[in-house]
Structures are given as C-alpha cells and as structure tokens.
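Working notes, beginning with the structure itself.
The values are calculated or read from the model by the stated rules, or taken from the named source; none is laboratory data. Please read all numbers here as calculations on a predicted model, not as lab measurements. Cβ: placed from backbone, ideal geometry, glycine included. Neighbour counts: every protein chain shown. Areas reflect the complete protein model, heavy atoms only, side chains present, ligands, DNA and RNA absent. Shrake-Rupley method; radii C 1.70, N 1.55, O 1.52, S 1.80 Å.
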Amino acid sequence: QVQLVESGGGLVQVGGSLRLSCVASGRTSSAATMGWFRQAPGKEREFVAQIGLYIVFASSVKGRFTISRDNAKNTVYLQLNSLKPEDTAVYYCAASERAVPGSEVNEYDYWGQGTQVTVSS
C-alpha cells in the first residue's frame, strides 16, 4: 500500500501561482508513476500531469504547470502558474504501479484525499 498526502492548495487570484506537494509513504517502491488529477464541481475527475518514465501534461495545462519529483523525499510537486478560473478544482495526487500508465483514473492504484485550489477572478 502507498499512502499519499497532498498540501499546498488555497485561494489565489487569476494569473497567480501555487505549488502543490504530495508526500508518499508506505510501499513507495510500488509508485512507478506519480500523477495529478483534478475534479471540479459537477465534473468528472480529469488527468492533469504525470511523471515517471515520461512527463506528460494535459493540453489544458501545458505550458502553465510543471511537475517534478524528489525521490529522496518521496515527494512530487505540481507547480501551477498563470492560473485561470477554470483551474478551480480539488487536486488529487495519485500513484500508479505501471511504468507507463495512460491518463485514465483507473490506471492509478493509490489516491490522496485531495487539496482544494480556487482561482478567483
């Protein structure tokens, strides 16, 4: 089992920045790929970014968000820049045992509890 705890969410104005962190514990060797997803009210959970063998971003955040991983700290970061109101959502950290997962929710095995990001206009 892998436990994931996110932090760093909050309220920010349009154009602002936030850095989300996700600390993994437990059987972290199983977490081949780390990802971030988000879910806005009334919408399905959607892929944002992943880091493993490859770094992949959703088209909606490419060029604005970056993802990084500090293996020594078992932590993955999501830097959110140039935030827009449509980025408002609960952001979830996820871990997949797959070396090359896709962007589907069911390809990830472990999930954090989520952290709220609200972008005000």
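Rundown of residues vs (1) polar (S, T, N, Q); (2) surrounded by 16 or more Cβ atoms within 10 Å (Cβ to Cβ), yes/no style:
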position	(1), (2)
ASN74	yes, yes
GLN79	yes, no
ASP87	no, yes
CYS93	no, yes
ALA99	no, no
ASP109	no, yes
SER121	yes, no
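Kindly establish whether VAL5 is under 23 Å from ASP109 (Cα atoms) and either in a strand (DSSP E or B) or free of Cβ contacts under 8 Å to residues at least 60 places away in the same chain (or both). Full working, then the answer.
Details: under 23 Å from ASP109 (Cα atoms): yes; either in a strand (DSSP E or B) or free of Cβ contacts under 8 Å to residues at least 60 places away in the same chain (or both): yes.
Yes, satisfied.
For the subset of region 36-67 comprising residues that are open to solvent by 30 Å² or more (accessible area, probe 1.4 Å) and closer than 11 Å to ALA89 by Cα, which member is modelled with the lowest pLDDT? Per the criteria, the residue is PRO41.
Just one of (1) open to solvent by 60 Å² or more (accessible area, probe 1.4 Å); (2) without any contact (Cβ under 8 Å) to a residue 24 or more places away in the chain fails for ASP70. It is (1). The set of residues from region 68-103 being in a loop (DSSP other than H, G, I, E, B) and either closer than 16 Å to SER29 by Cα or at pLDDT below 95 (or both) comprises ASN74, GLU97, ARG98, ALA99, VAL100, PRO101, GLY102, SER103.
Within the set of pairs 6 or more residues apart or between chains, which connect a residue that is within 15 Å of GLU107 (Cα to Cα) and among the polar types (S, T, N, Q) inside region 46-65 to a residue that is part of a strand (DSSP E or B) and at pLDDT 95 or above with Cβ atoms less than 7 Å apart? Qualifying pairs under 7 Å: GLN50/THR33; GLN50/MET34; GLN50/GLY35; GLN50/VAL56.
Could you grab me the full set of residues in region 2-11 that are open to solvent by less than 20 Å² (accessible area, probe 1.4 Å) and more than 15 Å from the chain's Cα centre (by Cα)? Within region 2-11, just VAL2 meets the criteria. Kindly evaluate GLY15 against the criterion of being in contact (Cβ under 8 Å) with a residue 40 or more places away in the chain, open to solvent by 10 Å² or more (accessible area, probe 1.4 Å) and in contact with a Leu (Cβ under 6 Å, 6 or more places away or on another chain). Against the criterion (in contact (Cβ under 8 Å) with a residue 40 or more places away in the chain, open to solvent by 10 Å² or more (accessible area, probe 1.4 Å) and in contact with a Leu (Cβ under 6 Å, 6 or more places away or on another chain)), GLY15 does not qualify. Checked against the criterion of being in contact (Cβ under 8 Å) with a residue 40 or more places away in the chain, open to solvent by less than 60 Å² (accessible area, probe 1.4 Å) and assigned to a helix (DSSP H, G or I), region 20-31 contains one or more residues that satisfy it. Kindly evaluate SER103 against the criterion of being touching a residue at least 24 places away in the same chain (Cβ under 8 Å) and either in contact with an Asp or Glu (Cβ under 6 Å, 6 or more places away or on another chain) or surrounded by fewer than 13 Cβ atoms within 10 Å (Cβ to Cβ) (or both). No: the conditions fail for SER103.
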